[in-house]
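The values are calculated or read from the model by the stated rules, or taken from the named source; none is laboratory data. Quantities reported herein were computed from a predicted structural model and do not represent experimental measurements. Every residue, glycine among them, receives a Cβ derived from its backbone with ideal geometry; neighbour counts consider all protein chains shown.
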């Protein structure tokens, strides 16, 4: 078994999502994902073979060149490559604040409190809801984050039901509208029209929802399909 990881890109930018939005962050985007979400905005990272092979030492060396101690390991799906678990622990041991964004398609391993899970719950609009390991929601800790990508009112209501069903108020809950003008994979889906952030905000205010409204800030700062930002 190799400890090398297939990497799509490593870069430093402003964190556009999660409760860390607005902070300078280094991103390690691993290649490969078993899912094909309809609203996927990183189709270039879906296939493992499209990534470049890096040793963990090479990844850490690149990360250390950037002027921040906040690192996000994302994808693709990081847990598709089991060596990613060793990488996140190494970064944490070196004093980095580590975020790991995962689709929830793999069982979450036990990690230290210096590592934060950002679990992207796959709802009806994703087309991949059946691939979720739902027991992962019970493993989330108070500092972990759970994100719902929402396309319409029905999916908003569904997200509220999941928050209540799994007691997710104990961690940080994010509601994110499907952004407009994304090319859905394999078809001309209505998802390309997105959901107005104002509409989602209106529903949340009306219901007094305790979740955070999340916008993908980097797609408002830069061109929505720009890479490395």
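A few points about this structure:
- Condition check for residue 62: outside any loop (DSSP other than H, G, I, E, B) and crowded, with 17+ Cβ neighbours inside 10 Å: no
- There is no residue in the stretch 73-94 that is over 22 Å from residue 12 (Cα atoms), without any contact (Cβ under 8 Å) to a residue 40 or more places away in the chain and either in a strand (DSSP E or B) or touching a strand residue (DSSP E or B) at 6+ places or on another chain (Cβ under 8 Å) (or both).
- Selection from the stretch 138-151 of residues that are farther than 19 Å from residue 20 by Cα and either surrounded by 18 or more Cβ atoms within 10 Å (Cβ to Cβ) or at pLDDT 95 or above (or both): 150, 151
- Considering the conditions (1) over 22 Å from residue 46 (Cβ atoms); (2) buried (at least 22 other Cβ atoms within 10 Å of the Cβ); (3) within 17 Å of the chain's Cα centre (by Cα), residue 91 is excluded by exactly one of them, (3).
- Within the stretch 126-158, the set of residues being assigned to a helix (DSSP H, G or I) and within 14 Å of residue 175 (Cα to Cα) comprises 153, 154, 155, 156, 157, 158.
- Hits in the stretch 125-136 - residues which are closer than 14 Å to residue 147 by Cα and either surrounded by fewer than 21 Cβ atoms within 10 Å (Cβ to Cβ) or at pLDDT 95 or above (or both): 129, 132, 134, 136
- When residues of the stretch 1-42 are limited to those that are at pLDDT below 90 and either more than 14 Å from the chain's Cα centre (by Cα) or under 27 Å from residue 57 (Cβ atoms) (or both), the one surrounded by the most Cβ atoms within 10 Å (Cβ to Cβ): 38
- Per-region count, the stretch 163-172, residues more than 16 Å from the chain's Cα centre (by Cα) and crowded, with 18+ Cβ neighbours inside 10 Å: 3
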